[in-house]
1. Out of 301, 246, which single residue is without any contact (Cβ under 8 Å) to a residue 12 or more places away in the chain and under 30 Å from residue 345 (Cβ atoms)?
2. Which of the residues belonging to region 22-33 are over 19 Å from residue 369 (Cβ atoms) and crowded, with 20+ Cβ neighbours inside 10 Å?
3. Does residue 284 satisfy the criteria of being surrounded by 14 or more Cβ atoms within 10 Å (Cβ to Cβ) and modelled with pLDDT of 85 or more?
4. Can you tell which of 55, 8 is touching a residue at least 60 places away in the same chain (Cβ under 8 Å) and crowded, with 16+ Cβ neighbours inside 10 Å?
5. May I ask you to say which residue of 187, 152, 105 is in contact with a helix residue (DSSP H, G or I) (Cβ under 7 Å, 6 or more places away or on another chain) and within 24 Å of residue 386 (Cβ to Cβ)?
6. Can you tell me which residue among 19, 36 is free of Cβ contacts under 8 Å to residues at least 40 places away in the same chain, surrounded by 19 or more Cβ atoms within 10 Å (Cβ to Cβ) and either closer than 23 Å to residue 330 by Cα or in contact with a strand residue (DSSP E or B) (Cβ under 9 Å, 6 or more places away or on another chain) (or both)?
7. Scan (1) more than 19 Å from residue 334 (Cβ to Cβ); (2) in contact (Cβ under 8 Å) with a residue 12 or more places away in the chain; (3) under 23 Å from the mean Cα position of the chain (by Cα) for the single condition residue 26 breaks and write down its number.
8. What helices (runs of 4 or more DSSP H) lie completely within region 1-73 and have 1 or more residues being over 27 Å from residue 252 (Cα atoms) and at pLDDT below 80?
């Protein structure tokens, strides 16, 4: 009976994951994650109370995403993205290559100080507007948003909410964090840029139209810009004091939205209607699916295996764990992979060196596939709103060229740090 239940849980989780990745019949990702979660409860494979508790674990992520999406939607409607687009095109001085470098640099900064999800939600629409103003093919620049969102996501603890999940209560101090991740982050960011630049060289040789119509920064757009900067400061402060990031982000996003809407005497309905609420049930479904896997006992066995391997060969275990985690993040998405990694490493009391390697795999590994990370899924949602479409195979071809070398170089840089 236990074997049958275990098989059923793994089968349902596998089918749900396949649905999220492949999107059969073009059904949204959240449909498959929620369907898998409902099946676990309906088939009595996971008690509903445990499922509810698992969904509740994502509370901080929900708050974080809603806050960022509110900021992005208000910024879009107040013309901040259009203004930023004109500035980027102007500073490119007619060079497609220089515009690409500007987009990548801005994406790096946004990811470091506002998180990879913010890069997907906030920066992607701005970059699309910039390419429209410059009259160039948008995909090379949009790819830069997607890849830097993961490549720079372990510079700081706040650069990716998954970072806080993986380390949990064993979170190193900011100084210790920089000791472990400063060099790997540089390797990841530089390698990803070089490989992306080479892969897109055919589209970046021409000139861009830098004669865009002048756009003034409106008062409300300036307020949103100030709100984004203030949110970055709040997140850094919350991280420094070991606080959750979700509620502060939600408060900042809500406050900025309310101020702008009140000053503009506008209804909140257009903003609320255009927020991608479907991301929230997707996250909840993934949390429940991981809880189902936890009920099979597989994670405790994995923790025992990791503990033994870390004792016998710590350096080799770090390399192996980082690579395996990177691949697995693309198979089941890095959000549930981060939860699995957190449970496993904390149970095994894995050394920081191994946990750091696993975190690099969780953060950087998803650059292989289009559904490897929540940030990339959010990027896809942003693209669809602009009527741009990127197939899974096209992204996989590019990811297979960019991700593996960046991952190897990052893990190599981590090995140079020492335990």
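The values are calculated or read from the model by the stated rules, or taken from the named source; none is laboratory data. Everything numeric in this text was worked out from a predicted model, so none of it was measured. Virtual Cβ from ideal backbone geometry, glycine too; neighbours counted across all protein chains shown.
1. Only one candidate passes the filter, namely 301.
2. Answer for region 22-33, where residues must be over 19 Å from residue 369 (Cβ atoms) and crowded, with 20+ Cβ neighbours inside 10 Å: there is none.
3. Against the criterion (surrounded by 14 or more Cβ atoms within 10 Å (Cβ to Cβ) and modelled with pLDDT of 85 or more), residue 284 qualifies.
4. Just one listed residue meets the conditions, 55.
5. Only one candidate qualifies: 152.
6. 19
7. Here residue 26 clears every test but (2).
8. It comes to 2-22, 29-42.
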